[in-house]
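Down below is the structure, laid out as structure tokens.
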């Protein structure tokens, strides 16, 4: 079974990440900036005075952006969102899952693989300026992505580039509206993004497998056992007033995008999208306010809203 490089160690991880990084460049991400501006402005301007921010903005924007980056046809993007959401629900630890979440995730993964296999074949014969074409063609000293590695990587990029950014946007707008409103987003959207990542991390946990016998504090961790690492807790350093949402806080070292060799490749894109959304909401809907009680998704690993009713 081919695994995503997210769950691999060197040297396999190094090889796959290097190949993907050669295609997923900062230049390719930055090239999307004008489109992100345009899509965001259009979605905000089309929203009525009272609307669900998740449905109107936080969900469609990341789908549009990652689909454009990958080169996915416009007509297929709604289906992508459904598959991605089904797979995201199955990212929780196994003991928190049920057949109601696992079975749809398996079907969605199979659909993704079949879809990308066909689209990758088209890009091999008719390459474009998109990330999929770049991944199909990428090589390093003669090394290339196998078909299995390519398909798994595309699925990972789609889910990581969609669900987590949706959560970042929704969690951030909620935090702003529950405190002093959108003012800080107009003055310093970069700082708002970093504070949201720390305060209400879109990814709350990950897992690591011990490669040798070790200990965590006084707890023995035998080789081969798994440890669940709570990113959300790590971002709440007791010495820093962690329970206070403070967009003026000097950005510090948070773990929302991971750390070390597994630091998120998509971090620049997520930051860019969230920065644009917070800035444009502050400009176009400066009086935005809550208009009811938000509802959270029933997931643990990914923390995000199902609905966020607002008015302006």
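Some observations on this one:
- In terms of overall dimensions, the C-alpha atoms belonging to segment 176-312 reach 56, 30, 29 Å along their principal axes, ordered largest to smallest.
- Separation of the residue 78 and residue 14 label points, Cα + 7 Å toward Cβ, nm: 4.7 nm
- Ratio Rg/Rh [Cα only; Rh per Kirkwood] for segment 1-138: 1.00
- Taking 201, 312, 146 and counting other C-beta atoms within 10 Å, the order from fewest to most: 146, 312, 201
- Distance from segment 212-234 to segment 151-178 (C-alpha centre basis), Å: 27 Å
- Highest to lowest packing among 177-189, 220-232, scored as the average C-beta count within 10 Å: 177-189, 220-232
- Based on alpha-carbon atoms, the Kirkwood radius and the radius of gyration of segment 169-250 give Rg/Rh equal to 1.15.
- Helix-only CD estimate at 222 nm, as mean residue ellipticity for the chain, using -39500 (n - 2.57) per DSSP H run (n ≥ 4): -16000 deg cm²/dmol
- Intensity falloff of segment 113-233 expressed as log10 I(q)/I(0), Debye formula with alpha-carbon point scatterers, at q = 0.11, 0.14, 0.15, 0.16 Å⁻¹: -0.69, -0.90, -0.93, -0.94
- Whether segment 1-54 is rounded, prolate or oblate, judged on the alpha carbon gyration tensor where a/c under 1.5 counts as rounded: oblate
- Residue with peak Gaussian network fluctuation, the chain [Cα springs, cutoff 10 Å], from 35, 208, 191: 208
- Neighbour counts of C-beta atoms inside 10 Å place 59, 122 in the sequence 122, 59, starting with the fewest.
Here, each number is a calculation from the coordinates, and none is a lab measurement. Note that the coordinates shown come from a computational prediction; the quantities given were computed from them, not determined experimentally. Ideal geometry is used to build each Cβ from the backbone, glycine not excepted, and the neighbour counts take in all protein chains shown.
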